[in-house]
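The values are calculated or read from the model by the stated rules, or taken from the named source; none is laboratory data. All values reported here derive from a predicted model rather than from experimental measurement. Here Cβ is always computed from backbone atoms with ideal geometry, including for glycine, and neighbour counts include all displayed protein chains.
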């Protein structure tokens, strides 16, 4: 291992302790994910190659070793393909940093960066209908205004659950147009508009708060502490159970906070909102991520096919019955 400050251990330390938090402004959760990737790689190299962590060098990051590491994650740790791809992405991010900080390792870095991620199937997007959302929110009214405000905001803002956890009083603007400021991945903030109904619910809820100092958390648990991710999941599941008992055919047994985010995205899409706007609304880095919602909506696929077919078939030699048969085939097939 080099000892001139450009070796593996020194660059990994500066990557995790300086570059990610200070230069990139990454959140603690993101940094932990990167750190855990290297913890796992060091464990793998120690177990399979007898390589002690302090003896690791850039020469150990061969394509063979990294592929074996990814296979180990799948076989031994039962990680799915997405998790393995995320681990590979963390390694690639480190080696992009290495390229600029230590050009002498550019060949090894380039080889790692050229490694392809494993292909994955489209994610299964689970979401609720507008009617189901209404029934769920109605069930939450039983417990009072806090739970209604929490679940209404979770759906209306399309926020990630951690973004709801991090909201403070000063992030909410109730004057028209009402908005909420969300802090997402990488500590990036975005302003999201709120509907009049949710603004009214939040207004009534905030009047019940004992303390409304600007930096106070918007939602707290029964102990008066900031509500956490598990707390939000608990509140949501409690009211899911109530709604499911009354409407088992509409409300599933389990609803996660992310399902409400998916639901908001799908409802925006169904109402004709452009994917670019939905991308910004959800805080995605790229529209490619947002496109999964369009691909996951079979009804929108059918409508697009029908609209396209009508234009193509107009003035053609197909009879009316033949056109109807073709569209029916597309409906059944796509």
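Just to check your reading of the model, which residue among 172, 192, 196, 180 is free of Cβ contacts under 8 Å to residues at least 40 places away in the same chain and in contact with a strand residue (DSSP E or B) (Cβ under 8 Å, 6 or more places away or on another chain)?
180
Exactly one condition in (1) under 18 Å from residue 289 (Cβ atoms); (2) part of a helix (DSSP H, G or I); (3) in the same structural domain as residue 268 (by TED's automatic domain parsing) is not met by residue 152; state its number.
Unmet for residue 152, out of (1) under 18 Å from residue 289 (Cβ atoms); (2) part of a helix (DSSP H, G or I); (3) in the same structural domain as residue 268 (by TED's automatic domain parsing): (1).
Among the listed residues 71, 162, identify the single one that is exposed (fewer than 14 other Cβ atoms within 10 Å of the Cβ), under 26 Å from the mean Cα position of the chain (by Cα) and closer than 26 Å to residue 29 by Cα. Walk me through how you get there before you give the answer.
Numbers: 162 fails: exposed (fewer than 14 other Cβ atoms within 10 Å of the Cβ).
After applying the criteria, what remains is 71.
Just give me the residues in region 216-258 being free of Cβ contacts under 8 Å to residues at least 24 places away in the same chain and not in a loop (DSSP other than H, G, I, E, B), in sequence order.
Hits for region 216-258 are 220, 230, 231, 234, 237, 241, 244, 245.
If residue 244 satisfies all but one of (1) surrounded by 14 or more Cβ atoms within 10 Å (Cβ to Cβ); (2) within 19 Å of residue 158 (Cα to Cα), what's the number of the condition it fails?
Here residue 244 meets the rest and fails (2).
Within region 51-62, is there a residue that is within 28 Å of residue 166 (Cβ to Cβ) and surrounded by fewer than 12 Cβ atoms within 10 Å (Cβ to Cβ)?
no
Of all residues in region 2-26, which are in contact (Cβ under 8 Å) with a residue 40 or more places away in the chain and either in a helix (DSSP H, G or I) or touching a helix residue (DSSP H, G or I) at 6+ places or on another chain (Cβ under 6 Å) (or both)?
Residues satisfying the conditions are 8, 9, 11, 12, 14, 15, 19, 25, 26.
Take the residues in region 181-215 that are assigned to a strand (DSSP E or B) and in contact with a helix residue (DSSP H, G or I) (Cβ under 6 Å, 6 or more places away or on another chain), then tell me which one is surrounded by the fewest Cβ atoms within 10 Å (Cβ to Cβ).
181
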